[in-house]
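Q: Once you've had a glance at the structure underneath, I'll fire off some questions.
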2 protein chains.
Amino acid sequence: MTMNKRFSLIGTGRIGWALSRLLTDLGWTIDRVDDISEYQLKAYQKHFSSCFTPKHAPSQTACLLICIRDDSFHELIRDLQKKPEWNTPHIIHTSGFHKAEILSPLRTAFQSEIHSFHPMISVIETNPDQGKKLLKKAWWALSGDNPSWMQNMASAWGLQSFLLPDDKKDFYHASAVMTANLIIGILRGAEATASLAGISTEDYEKIFLPLVDSVIDHIHQSGLHKALGGPIVRKDYNLLEREKTALKEAGLTDEYAMYDLLSRYLIQKMSKN
Amino acid sequence: MTMNKRFSLIGTGRIGWALSRLLTDLGWTIDRVDDISEYQLKAYQKHFSSCFTPKHAPSQTACLLICIRDDSFHELIRDLQKKPEWNTPHIIHTSGFHKAEILSPLRTAFQSEIHSFHPMISVIETNPDQGKKLLKKAWWALSGDNPSWMQNMASAWGLQSFLLPDDKKDFYHASAVMTANLIIGILRGAEATASLAGISTEDYEKIFLPLVDSVIDHIHQSGLHKALGGPIVRKDYNLLEREKTALKEAGLTDEYAMYDLLSRYLIQKMSKN
């Protein structure tokens, strides 16, 4: 694939920074950048000052990257239709939640192909080098108008990717939220429970993180379906009932609900495989 | 502390093997061993054949280790009281669920001190070298009759340990089950959800495990209270409601319940710190 290695960017948050580091390290240059936060925009322009395209005709920008909050899409798309200077042949957003199809007003306005590239990874800091590393570890879900263009582009950027049906993104992203966020909810519940045994937040992390690591290692080595140790896999239902009773009687209502729901769910899953 | 480096063991499961490897590598020898499974017992005796005490008087055994299933304790304790040949000055069980106090009939029968040593780690295979490594990574919760003896012993065995009030073990162990088991419940729920996006079990592991790793890394580096990225920390409640609706309408009842319970729990926790 031959193309101008030039991109434009809207949204200078964590993903915008990380992706800019990745692309500029591959020799891409930045044509245009914008952000609703003047402060963030200036910080980005300063950091990437040596990476802007020296001179260019706007029509040669290969793609526009949209890396903004999920709840800002409708407003941005409405505004962009009135700004032909942002026109590019390919528009990519990096939201896991939104479908590529959300960009369809721009397909009409700009005659662009529209795409969604989503990295399945958690990036919590605006550190471009760290961010780039995480983006390289991630699998990227691609959906949108032009599958072969998307796959070639992801490959040119050195990314692991797979095609996802655009209309299935709801389940894809719900699964990502469960995987990345809800396990933290469980650990917060476990932390609250441990505090009743006199274990502080600091001690919870110190004492229980090696346990978390061992469980994640088991998943890597033996697979998710064989990683379970402890009372559920031993079918020690008496123990489970006693611990649920202890949580309920101590007034740990939410923690009881987690324990009850998820232990029953695992028992049910075990009976199926 | 001077003592005979000799132990006896009841229970030749994963923890019994791992602890035997750890102790025999430190020059301890095995006086007696027993298991309700003849098959497991023979495998253990064969593997550790060079580690048995050549000749001994039973009274010199430093301690008896009880590494059995939580639901076998009452029967074992009843039986042991009739077997004075197992008498030792110190008895240790490795259950996370049971209190040291469960051994009190043996304190009376044998005049022994009774203790609980629990490693906060998941060991899912009977591989003594792997098991030993995990036991060394774990923090061990100690409770029972003689705190200074327990701490000296854990230290002599090269283990990280802390004292836990014996009567708080319910909350301690419930927290361990949540930490080690319920996160797997969440991941199984995420896997079921991803399957509706056409992502197979194998692909779920491939695509989502780097995400899990990134989240666990964030916890290690930034702490549990600062590891959250994504829609919950952005307070994008509209997104959360839309995904819950998608789960509900697809008939993913349990997955909906997890998503609902834990996202609300995290929102509530965030408002507090």
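The values are calculated or read from the model by the stated rules, or taken from the named source; none is laboratory data. For clarity, every value in this text was computed on a predicted model and none was experimentally measured. Note that each Cβ is placed from the backbone with ideal geometry, even for glycine, and that neighbours are counted across all protein chains shown.
Q: Out of all the residues in segment B:118-140, which are in a strand (DSSP E or B) and within 17 Å of B:L65 (Cβ to Cβ)?
A: Selection gives B:H118, B:P119, B:W140.
Q: Another one. Looking at this structure, is A:L228 touching a helix residue (DSSP H, G or I) at 6+ places or on another chain (Cβ under 9 Å), more than 24 Å from B:T201 (Cβ to Cβ) and buried (at least 18 other Cβ atoms within 10 Å of the Cβ)?
A: Numbers: touching a helix residue (DSSP H, G or I) at 6+ places or on another chain (Cβ under 9 Å): yes; more than 24 Å from B:T201 (Cβ to Cβ): no; buried (at least 18 other Cβ atoms within 10 Å of the Cβ): yes.
When the stated conditions are applied, A:L228 does not pass them.
Q: Can you tell me which residue within segment B:103-117, out of those that are assigned to a helix (DSSP H, G or I) and crowded, with 20+ Cβ neighbours inside 10 Å, is farthest from the other protein chains (Cβ to nearest Cβ)?
A: Out of the qualifying residues, it is B:F110.
Q: Mind checking which residues of segment B:2-15 are surrounded by 15 or more Cβ atoms within 10 Å (Cβ to Cβ) and in contact with a Phe, Trp or Tyr (Cβ under 7 Å, 6 or more places away or on another chain)?
A: Those that are surrounded by 15 or more Cβ atoms within 10 Å (Cβ to Cβ) and in contact with a Phe, Trp or Tyr (Cβ under 7 Å, 6 or more places away or on another chain): B:R6, B:F7, B:S8, B:T12.
Each row is one residue, and each column tells you yes or no for (1) of a type in the set (A, V, I, L, M, F, W, C); (2) within 14 Å of the chain's Cα centre (by Cα); (3) over 30 Å from A:M270 (Cα atoms).
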residue	(1), (2), (3)
B:S143	no, no, yes
B:P147	no, no, yes
B:N152	no, no, yes
B:L164	yes, no, yes
B:D167	no, no, yes
B:S175	no, yes, no
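Q: Follow-up question, since we're still on this one. Within the group B:S143, B:S95, which residue is in a strand (DSSP E or B) and either at pLDDT 95 or above or out of contact with any Pro (no Cβ under 7 Å at 6 or more places or on another chain) (or both)?
A: B:S143
Q: Evaluate segment B:39-48: report whether one residue or more is more than 22 Å from the chain's Cα centre (by Cα), within 25 Å of B:N146 (Cα to Cα) and assigned to a helix (DSSP H, G or I).
A: no
Q: I've got another one for you. Hey, does segment A:162-171 have a residue that's more than 8 Å from chain B (Cβ to nearest Cβ), free of Cβ contacts under 8 Å to residues at least 60 places away in the same chain and within 20 Å of B:P210 (Cβ to Cβ)?
A: There is at least one residue in segment A:162-171 that is more than 8 Å from chain B (Cβ to nearest Cβ), free of Cβ contacts under 8 Å to residues at least 60 places away in the same chain and within 20 Å of B:P210 (Cβ to Cβ).
Q: Please pick out the residue among A:D129, A:D79 that is without any contact (Cβ under 8 Å) to a residue 12 or more places away in the chain and within 28 Å of B:K235 (Cα to Cα).
A: That would be A:D79, the only listed residue that is without any contact (Cβ under 8 Å) to a residue 12 or more places away in the chain and within 28 Å of B:K235 (Cα to Cα).
Q: While we're here: Just checking, which of A:Y265, A:Y256, A:Y237 is among the hydroxyl-bearing types (S, T, Y) and at the interface with another protein chain (Cβ under 7 Å from one of its Cβ atoms)?
A: From the options A:Y265, A:Y256, A:Y237, the qualifying one is A:Y265.
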